[in-house]
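No lab work stands behind these numbers, since they all come straight from the coordinates. Just so we're clear, the structure is a prediction, and the values are computed from it rather than from any experiment. Using ideal geometry, Cβ is built from the backbone for each residue, glycine included, and neighbour counts are taken over all protein chains shown.
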Amino acid sequence: MSIPQERRVVTAIPGPKSQELLARKQAAVPSGIGTTLPVFVTRAGGGVVQDADGNSLIDFGSGIAVTNVGNAAPKVVERVTRQVADFTHTCFMVTPYESYVAVCEKLNELTPGDHDKRTFLVNSGAEAVENAVKVARHATGRQAVVVFDHGYHGRTLLTMTLTAKNMPYKHRFGPFAPEVYRVPLAYPFRWPTGPENCAEEAAAQAIDMISKQVGAENVAAVVIEPIAGEGGFIEPAKGFLPRIAEFCRDNGIVFVADEVQTGFARTGTLFACEDEGVVPDIIVTAKGIAGGLPLAAVTGRAELMDKVHVGGLGGTYGGNPLACEAALGVLETIAEEDLVGRARRIGEIMLPRLRAMKERFGVIGDVRGRGAMIAIELVVPGTKEPNPTAVQEVVKRCHAEGLLVLTAGTYGNVLRFLPPLVIPEHLLDEGLGILEKAIAAL
Ligand code: PLZ
């Protein structure tokens, strides 16, 4: 790896050069575009991000679960470089090219289920979720869409409506799209009657609400993240997802898995649905698909996808040739470097360390996640009261020490860890040490 795999903090974070750039940002970019950690990046790779002041930070974020194969992964660079010299765009709907088809073939093969599938490509996770809903509505002739508490699906009008949390995603951005209904999610840590009853009770409540308030026969799609991402890395209690999928099957409802954040080896399986053997009718992917080039995909049962009339789906840039080459490079890298195994290994290192910290620190209420999608939920010690202030404190200390961590959660009280799957173990270890010190200092 050409970038030294080491943490190096040589200035305050952010340093003077980053501060200068930050001032320019503030004058040129609206404040609605927030910044988690205001260091300006010059290079990144493996497990580190380098900034304009010569600092090298340990990356526990992967650009929000995108650079699973690492930044500028060799296979991605090689393919994209070749492609950029050959041609940069034709529009696949005008004159097609092979790489688009190759990505779709790969996704049809690799996503859960051995049924006949079709895939089409778009630019972002939100666009892919919107398109999944379009296909489900068209194919079923129904309109209602059911989503879950704590869900996140994007920032466009429809996907913002599908998203659960008001602040910052929906506040003053209404009116919202019609025919969207929200039901409870099996959130084990916060289930009123305890985690052991969570799956069954949450599924029963969700199904009861759908049946009574909407009518199953009016529902086009149920859209769910197999692990809620922005909502706080909530892994639904085991049994919940299969029960909801079964209900969908019994009632002709399209079960849509939003694997935008969980996909591409992140959780220790290629897709998170595989954990409980759930086979979605449509699976939506983005983020990790192309190492950071803008690409997203909708993969679904051929008989649903092929119902839509010619010209009913598409977009100017969807499946851009550079992004498709990147995706092929990503899929090769995942297979050749066994990144599914690497994700599991990361979980095996992180979870015991974090569970030991939970024993030491009452502020850690819950440790959860799978593979390299791990989180801790901070509470007021001795209670389950969300503790977003403690999260902010810990994040500040981690950033100052050169560890890039992200937050999440409906209550803003979750620290989430999404290292690139290629992160060297010594950096993982060092990062956990910094985190532990930051929590101890509370
Ligand atoms: N579905 C499950 O996680 C994007 C959002 C960052 P786009 N999550 C990161 C932010 O604050 O905007 C996401 C997701 C799930 C859909 C999306 C949307 O994907 O590529 O950001 O549109």
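For residue 32, the shell of other residues with beta-carbons less than 13 Å away shows a net charge of +3, using +1 for Lys and Arg and -1 for Asp and Glu. An oblate overall shape is assigned to the chain, the ratio a/c of its alpha-carbon gyration tensor axes (a ≥ b ≥ c) being 1.5 or greater and a/b not exceeding b/c. With both labels modelled 7 Å from their Cα along Cα-to-Cβ, the residue 82 to residue 24 distance reads 3.5 nm. Decide, for the stretch 73-198, between rounded, prolate and oblate: order the square roots of the alpha carbon gyration tensor eigenvalues as a ≥ b ≥ c, take rounded if a/c falls under 1.5, and otherwise choose prolate if a/b is larger than b/c, else oblate. Taking the square roots of the gyration eigenvalues as a ≥ b ≥ c, the stretch 73-198 is prolate. Overall dimensions of the stretch 191-270, expressed as equivalent-ellipsoid semi-axes from the Cα gyration tensor (√(5λ), whole Å, largest first), are 22, 17, 10.
Within the shell of other residues whose beta carbon sits under 11 angstrom from the beta carbon of residue 51, the net charge comes to +2, with Lys and Arg scored +1 and Asp and Glu -1. Between residue 110 and residue 94, the simple label model (points 7 Å from Cα in the Cβ direction) yields a spacing of 2.9 nm. The stretch 258-330: percent of C-alpha pairs farther apart than 13 Å? Tail fraction, whole percent: 69. Of all lysines in the structure, the ones whose alpha carbon falls short of 29 Å from that of residue 384, not counting any fewer than 8 places away in one chain, are 165, 170, 238, 358, 396, 437.
All other residues whose Cβ lies under 15 angstrom from that of residue 375 are scored, Lys and Arg at +1 and Asp and Glu at -1, for a net of +3. Ratio of Rg to Rh for the stretch 297-377: 1.22 [Cα atoms; Kirkwood radius as inverse mean 1/r over pairs]. Considering only 137, 353, 370, the mean-square fluctuation computed in a Gaussian network model of the chain, springs between alpha carbons under 10 angstrom, is largest for 353.
Across every direction, the projection of the convex hull enclosing the Cα atoms of the stretch 318-421 has a mean area of 8.5 nm².
In the distance distribution for the stretch 1-98, Cα-Cα pairs more than 18 Å apart total 60 percent.
Working from label points 7 Å from Cα in the Cα-to-Cβ sense, the residue 181 to residue 384 distance is 2.6 nm. Membrane-span-like helices in the chain (whole DSSP H runs, Cα extent of at least 27 Å along the helix axis, mean Kyte-Doolittle hydropathy of at least -0.5): 339-360. Computed on the Cα trace of the stretch 75-336, the radius of gyration divided by the Kirkwood hydrodynamic radius gives Rg/Rh = 0.97. Calculate the length of the line joining the C-alpha centroid of the stretch 126-191 to that of the stretch 1-56, in whole Å. Each part reduced to its Cα centre gives a spacing of 33 Å. Ellipticity at 222 nm from helices only: DSSP H runs of n ≥ 4 in the chain, each -39500 (n - 2.57), divided by the residue count, give -11500 deg cm²/dmol.
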